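Asker: Please read through the structure below; I'll follow up with questions.
The values are calculated or read from the model by the stated rules, or taken from the named source; none is laboratory data. Everything numeric here is computed off the predicted structure, so don't read it as measured data. Counting neighbours? That spans all protein chains shown, and the Cβs are built from the backbone with ideal geometry, glycine included. Protein only, heavy atoms only, side chains kept; ligands, DNA and RNA dropped before computing areas. Shrake-Rupley method; radii C 1.70, N 1.55, O 1.52, S 1.80 Å.
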Amino acid sequence: MISLNFPEPEFTFKNEAGRTWILDTIRGRYIALTPEEWVRQNVLAYLCKVMGYPSGLISVEKELKFNQMKRRYDIVIYDNNRQPWMLVECKEPDTPINDITLRQLLQYHNVLQCPYWMLSNGKYHFCAAVKGGAVEWLTALPAYNI
């Protein structure tokens, strides 16, 4: 497990149709604020503001196909050559990070083949490096220096 201290939130909200919405600066639009979205936005803020990952190379909730089924990954960070570099799976805070969440991430990884993975429910965060089929669980997020 790695330790992350999310930055002080600087989010923009709006209330509409009885719901609260949060501005996703990566997607450039308001998204319904759910517990999972809160985690996703805090992870994005951490990756960009604290780790310095380039927001222009981050993709959020895009569709991919796995065994003829359409799925949506949470976050993918690309390298400077526009190749998938890190796959991030976010869960709401009450969802445990376990074999089920890891299997979901691995399904996406089979399509994307990222050298890094991250799993977070906002409370617990895990990151791994993948090289030649070997997985090494990390104690910190990798620096973006590619």
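Asker: Filtering segment 48-63 down to residues that are part of a loop (DSSP other than H, G, I, E, B) and in contact with a Leu (Cβ under 8 Å, 6 or more places away or on another chain), which residue is surrounded by the most Cβ atoms within 10 Å (Cβ to Cβ)?
Answerer: Residue satisfying both the conditions and the ranking: 53.
Asker: Name every residue in segment 103-142 that is touching a residue at least 40 places away in the same chain (Cβ under 8 Å), over 18 Å from residue 59 (Cα atoms) and open to solvent by 30 Å² or more (accessible area, probe 1.4 Å), in order of residue number.
Answerer: The answer is 124, 126, 138, 139, 140.
Yes/no per residue for (1) open to solvent by 50 Å² or more (accessible area, probe 1.4 Å); (2) under 22 Å from residue 125 (Cα atoms); (3) not in a strand (DSSP E or B):
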| position | (1), (2), (3) |
| --- | --- |
| 22 | no, no, no |
| 42 | no, yes, yes |
| 46 | no, yes, yes |
| 65 | yes, no, no |
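Asker: When you look at residue 5, is it polar (S, T, N, Q) and surrounded by fewer than 11 Cβ atoms within 10 Å (Cβ to Cβ), yes or no?
Answerer: Values: polar (S, T, N, Q): yes; surrounded by fewer than 11 Cβ atoms within 10 Å (Cβ to Cβ): yes.
For residue 5, the condition - polar (S, T, N, Q) and surrounded by fewer than 11 Cβ atoms within 10 Å (Cβ to Cβ) - is met.
Asker: Moving on to the next point. May I ask you to verify whether residue 62 is within 14 Å of the chain's Cα centre (by Cα), more than 22 Å from residue 5 (Cα to Cα) and free of Cβ contacts under 8 Å to residues at least 40 places away in the same chain? Steps first, answer last, please.
Answerer: Working: within 14 Å of the chain's Cα centre (by Cα): yes; more than 22 Å from residue 5 (Cα to Cα): yes; free of Cβ contacts under 8 Å to residues at least 40 places away in the same chain: yes.
Yes, satisfied.
Asker: Still on this model: Return yes when residue 105 is within 11 Å of the chain's Cα centre (by Cα) and under 28 Å from residue 12 (Cα atoms) and no when it is not. Show your work before the answer.
Answerer: Details: within 11 Å of the chain's Cα centre (by Cα): yes; under 28 Å from residue 12 (Cα atoms): no.
Against the criterion (within 11 Å of the chain's Cα centre (by Cα) and under 28 Å from residue 12 (Cα atoms)), residue 105 does not qualify.
Asker: Go through segment 67-94 and count every residue that is open to solvent by less than 20 Å² (accessible area, probe 1.4 Å) and farther than 25 Å from residue 145 by Cβ. Steps first, answer last, please.
Answerer: From segment 67-94, those open to solvent by less than 20 Å² (accessible area, probe 1.4 Å) are 73-77, 85-90; that's our starting set.
Now restrict to residues that are farther than 25 Å from residue 145 by Cβ: none.
Selection size over segment 67-94: 0.
Asker: Among the residues of segment 102-116, is there at least one that is within 22 Å of residue 7 (Cβ to Cβ) and either at pLDDT 95 or above or not in a loop (DSSP other than H, G, I, E, B) (or both)?
Answerer: Here is the first cut: in segment 102-116, the ones within 22 Å of residue 7 (Cβ to Cβ) are 116.
Still in the list and also either at pLDDT 95 or above or not in a loop (DSSP other than H, G, I, E, B) (or both): 116.
Yes, there is a match, as at least one residue in segment 102-116 is within 22 Å of residue 7 (Cβ to Cβ) and either at pLDDT 95 or above or not in a loop (DSSP other than H, G, I, E, B) (or both).
Asker: Next up: Return the only residue of 26, 97 being in contact with a Ser or Thr (Cβ under 8 Å, 6 or more places away or on another chain), open to solvent by 30 Å² or more (accessible area, probe 1.4 Å), part of a loop (DSSP other than H, G, I, E, B) and closer than 24 Å to residue 144 by Cα.
Answerer: Values: 97 fails: closer than 24 Å to residue 144 by Cα.
After ruling out the rest, the residue left standing is 26.
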